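Here is the structure we will look at.
Every number in this text was worked out from the coordinates using simple rules, so none of it is lab data. All values derive from a computational prediction rather than experimental measurement. Cβ placement follows ideal geometry from the backbone for every residue including glycine, while neighbour counts extend to all protein chains displayed.
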Amino acid sequence: MNHMSHKYPIAVAILLLIFFSSCLGQSHVGFAAQTIQTNSKNPKVGSMLKVSQNGRYLVRSNGKPFFWLGDTAWLLFQMTTREDAELYLSTRAKQGFTVIQAAIVVGEERVGGTLRPNLYGDLAFIDGDPARPKLTQGNSTNDAAQYDYWDNVDYVVNRAAAHGLTLGLLPLFVGPGSDGYKYLTPTNAYAYGLFLGQRYGKHPPRLLDSRR
């Protein structure tokens, strides 16, 4: 696991708040919100997660505490193929992990970059602008012109759910004072958060915030 600690400035805080408020249909910050759906086919995971009555931890639908055993794979969406992601997710599920922590886009140029395409050559944004996700018509894996960055994100999210894993996602990983803030701003963070909420708000599993 990655034990690095980061303090995210106001732009990321705004983005996370908008995103998860949209996803959960609530105005609460953090986990004090609606239930979070996981894969009920995995016997180790309840069909729903929710905040405990005392507001201090997550519980399964049967009331039992949910144990967050997380593995960090920040570049899961940018630096893996579908086959890589499937192997990784299936392996972590077999090993007993319950949460995979990843960034939809890693904006740190030293390890990823807002302008860095995924392994299929697709960029997340038009001209690096989070307010303008780069989308195409269709989603066929056999047609590179159809299958875009966000189709691949959909695939990984679906496969995580199929393996009974809950995703702890950062919408865009940007560290303090980094060059990622050339692209992520308080202005476009709002539009990006709304896009994510609309696309994944009803997507299994509901997405958790993995703020560090």
With label points set 7 Å from each Cα along the Cα-to-Cβ direction at residue 154 and residue 139, the distance between them in nm comes to 0.2
Cα pairs beyond 22 Å in the stretch 110-195, in percent, come to 33
Local charge sum around residue 82 (other residues, Cβ-Cβ under 12 Å, Lys/Arg +1, Asp/Glu -1)?
-4
What is the local net charge at residue 133, summed over the other residues whose Cβ is closer than 15 Å to its Cβ (Lys, Arg +1; Asp, Glu -1)?
-3
Take the alpha carbon gyration tensor of the stretch 55-114, find the square roots of its eigenvalues, order them as a ≥ b ≥ c, and report rounded if a/c is under 1.5; if not, report prolate when a/b exceeds b/c, else oblate.
oblate
